[in-house]
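A.B. asks: Mind looking over this structure? Questions follow.
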Amino acid sequence: MRGTYLFPKDGQAFVSQAAPAVATLYMDMTTVAASTAAPRSLLDLTLAELEREFVASGLSPTHARTLWRALHADLAADLSAVPNFLPPLRRWLAAHLGDGRRFFIDAPEETADIASTDGLTRKFLFRLGDGQTIETVLMGFKGRHTACLSTQAGCAMGCVFCATGQMGFVRHLRPGEIVAQVRQAELALRAAGHDGLRNLVLMGMGEPLHNYDAVMTALEIITDRRGLNIGPGRITISTVGVVPGILRLAEEQRPYHLAVSLHGATEEERSALVPASRRWPLAELMAACRTYFAQTGRRIFFEWTLIAGANDSPAQAGRLAALLVGLDSHVNLIPLNSTGGFAGTATSNMAAKAFQKVLQAAGIPSTIRQRRGIDVAAGCGQLRADRSLE
Ligand code: SAH
Ligand code: SF4
């Protein structure tokens, strides 16, 4: 069900609910206490956390590192069959992993694996432990593969042209559910005889900075050199403009690329497409980008979905260029992909080129994104965990 979305100060958006009564609050606290014993996914843990688990069990952290390699480097399907596990590790696994025990391993069920006729794009539909479905897209180009990951089931931000936004917010993904998407994509590549994943973009379903902590934990796991080992410089986080999240990325000096979805260069034009702009207005967002740039010295990517007659005029390109003065930026122009809930149409090639020319004249580099995976609804903004495919 979709409710009213509130955006409290810490940048967390959530579905509006009546304030809970004191008795309910008390119950919630007891539930939290009980839930600390709830099973956790081993894929939710960083290596440091896994090592602490082993030390707490009276074992050497070396066993944690052996397990880590099996999980995240070898992507072992069956831990009981790994030959180099020493008896203490085998005993730990027998005592801690499995039904009714402290840990489980996320194993999202692949309910669909659809190849686009472009020959370069594959879309996976995964069913999570609680039945929620998410999508992951694998894109190949000249032997290099990029996975486009989901960070939430649905999205609370409600951008009018985006299928995920149109479905509303369902829930955040845990770190393990994000890590599991990378494992599955990597396994699919290995099975097809390709090299491993080269790049990751957090541009699937959901708003990554609305699920900040889980996303950062997942990226810590994914970038670990002893595991999946995907370099932070090969990872791009795309945000609709969650200002507190952008500031936190800068503050914490997170080593990932940042892409900011703008779509409009005046407050009025932007909030017509991106309702979250009312919570984090354009002026505030650009100020956060300047702070980010000042603190990190990093180039910022800006995304602009081109919609005919809405935000594709040369005058609008000029306003965008003015907005980016003084920043090291690169603009990705994305011709609109169609979604059920939005009537707009994509900009013509000619208009896209004219838009790009204005940016070029202002010295701002840009790329017009190639259309990918449109026939299987795997293009930007088309992901909505289509149940008809299950
Ligand atoms: N929530 C994040 C990341 C996921 S969306 C964000 O909004 O940035 C990834 C990109 O796809 C965003 O730039 C988004 O604006 C764009 N997008 C969404 N719907 C689209 C559509 N129908 N056609 C083209 N691009 C779209
Ligand atoms: Fe959410 Fe991004 Fe879609 Fe907007 S474009 S609704 S922020 S996923």
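A.B. asks: Given the criterion in contact with a strand residue (DSSP E or B) (Cβ under 8 Å, 6 or more places away or on another chain) and not in a loop (DSSP other than H, G, I, E, B), identify the matching residue among Ala315, Ala321, Ala351. Break it down into steps so the answer makes sense when it comes.
C.D. replies: Details: Ala315 fails: in contact with a strand residue (DSSP E or B) (Cβ under 8 Å, 6 or more places away or on another chain); Ala321 fails: in contact with a strand residue (DSSP E or B) (Cβ under 8 Å, 6 or more places away or on another chain).
So the residue among Ala315, Ala321, Ala351 that is in contact with a strand residue (DSSP E or B) (Cβ under 8 Å, 6 or more places away or on another chain) and not in a loop (DSSP other than H, G, I, E, B) is Ala351.
Yes or no, residue by residue, for (1) under 26 Å from Met350 (Cβ atoms); (2) more than 12 Å from ligand 1 (Cβ to nearest atom); (3) in contact (Cβ under 8 Å) with a residue 24 or more places away in the chain; (4) not assigned by TED's automatic domain parsing to the domain that holds Met205:
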| position | (1), (2), (3), (4) |
| --- | --- |
| His263 | yes, no, yes, no |
| Gly318 | yes, yes, yes, no |
| Asp328 | no, yes, yes, no |
| Ile334 | yes, no, yes, no |
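A.B. asks: Sticking with this structure for a sec: Hey, among the residues in region 236-254 that are touching a strand residue (DSSP E or B) at 6+ places or on another chain (Cβ under 7 Å) and of a type in the set (Gly, Ala, Ser), which one's farthest from ligand 1 (Cβ to nearest atom)?
C.D. replies: Pass one, region 236-254, residues touching a strand residue (DSSP E or B) at 6+ places or on another chain (Cβ under 7 Å): 236-241, 245-246, 249.
Right, trim to of a type in the set (Gly, Ala, Ser) and you get 238, 241, 245.
Working: Ser238: 4, Gly241: 8, Gly245: 11 Å.
So, considering only residues that are touching a strand residue (DSSP E or B) at 6+ places or on another chain (Cβ under 7 Å) and of a type in the set (Gly, Ala, Ser), the one farthest from ligand 1 (Cβ to nearest atom) is Gly245.
A.B. asks: Another question, then. With the checklist (1) closer than 26 Å to Val325 by Cβ; (2) of a type outside the set (Phe, Trp, Tyr); (3) crowded, with 20+ Cβ neighbours inside 10 Å in hand, flag the one item Pro208 doesn't pass.
C.D. replies: Status for Pro208: all satisfied but (1).
A.B. asks: Looking at the structure I just gave you, is Gly344 on the phi < 0 side of the Ramachandran plot, assigned to a loop (DSSP other than H, G, I, E, B) and surrounded by fewer than 21 Cβ atoms within 10 Å (Cβ to Cβ)?
C.D. replies: On the way: on the phi < 0 side of the Ramachandran plot: yes; assigned to a loop (DSSP other than H, G, I, E, B): yes; surrounded by fewer than 21 Cβ atoms within 10 Å (Cβ to Cβ): yes.
Here the answer is yes, as Gly344 does meet what is asked.
A.B. asks: List the number of the failed condition for Val179; all other conditions in (1) part of a loop (DSSP other than H, G, I, E, B); (2) of a type outside the set (Asp, Glu); (3) more than 16 Å from ligand 2 (Cβ to nearest atom); (4) buried (at least 19 other Cβ atoms within 10 Å of the Cβ) hold.
C.D. replies: (1) is the only condition that Val179 fails.
A.B. asks: When only residues in region 54-66 that are without any contact (Cβ under 8 Å) to a residue 24 or more places away in the chain and under 23 Å from Glu177 (Cα atoms) count, which is surrounded by the fewest Cβ atoms within 10 Å (Cβ to Cβ)?
C.D. replies: Restricting to residues being without any contact (Cβ under 8 Å) to a residue 24 or more places away in the chain and under 23 Å from Glu177 (Cα atoms), the top hit is Thr66.
A.B. asks: While we're looking at this one, here's another question. Checking the structure you have, find out if any residue of region 217-226 is surrounded by 23 or more Cβ atoms within 10 Å (Cβ to Cβ), within 16 Å of ligand 2 (Cβ to nearest atom) and in the same structural domain as Gly344 (by TED's automatic domain parsing).
C.D. replies: Within region 217-226, the subset surrounded by 23 or more Cβ atoms within 10 Å (Cβ to Cβ) is 218-219, 221-222.
After this cut, where a residue has to be within 16 Å of ligand 2 (Cβ to nearest atom) as well, the list is none.
For region 217-226, residues surrounded by 23 or more Cβ atoms within 10 Å (Cβ to Cβ), within 16 Å of ligand 2 (Cβ to nearest atom) and in the same structural domain as Gly344 (by TED's automatic domain parsing): absent.
A.B. asks: When you go through Val179, Val160 one by one, which is the residue that is of a type in the set (Val, Ile, Thr) and within 22 Å of Arg369 (Cβ to Cβ)?
C.D. replies: Numbers: Val179 fails: within 22 Å of Arg369 (Cβ to Cβ).
The unique qualifying residue is Val160.
A.B. asks: What are the residues in region 259-297 that are under 13 Å from Val243 (Cα atoms) and polar (S, T, N, Q), if any?
C.D. replies: Going residue by residue through region 259-297, those that are under 13 Å from Val243 (Cα atoms) are 259-262, 276-292.
Listed by number, the residues that qualify are Ser261, Ser277, Thr291.
For every residue, the table says whether it meets (1) more than 16 Å from ligand 1 (Cβ to nearest atom); (2) buried (at least 22 other Cβ atoms within 10 Å of the Cβ); (3) on the phi > 0 side of the Ramachandran plot.
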| site | (1), (2), (3) |
| --- | --- |
| Gly98 | yes, no, yes |
| Phe103 | yes, no, no |
| Glu109 | yes, no, no |
| Asp113 | yes, no, no |
| Gly129 | yes, no, no |
| Ile134 | no, yes, no |
| Val137 | no, yes, no |
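Each row is one residue, and each column tells you yes or no for (1) within 27 Å of Gly233 (Cβ to Cβ); (2) surrounded by fewer than 19 Cβ atoms within 10 Å (Cβ to Cβ).
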site	(1), (2)
His145	yes, no
Ala153	no, no
Phe161	no, no
Arg190	yes, yes
Leu197	yes, no
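A.B. asks: Could you list all residues from region 170-213 that are within 16 Å of ligand 1 (Cβ to nearest atom) and touching a His at 6+ places or on another chain (Cβ under 6 Å)?
C.D. replies: Result: Asn211, single match.
The values are calculated or read from the model by the stated rules, or taken from the named source; none is laboratory data. Please read all numbers here as calculations on a predicted model, not as lab measurements. So basically every Cβ, Gly included, is an ideal-geometry build from the backbone, and we count neighbours across all protein chains shown.
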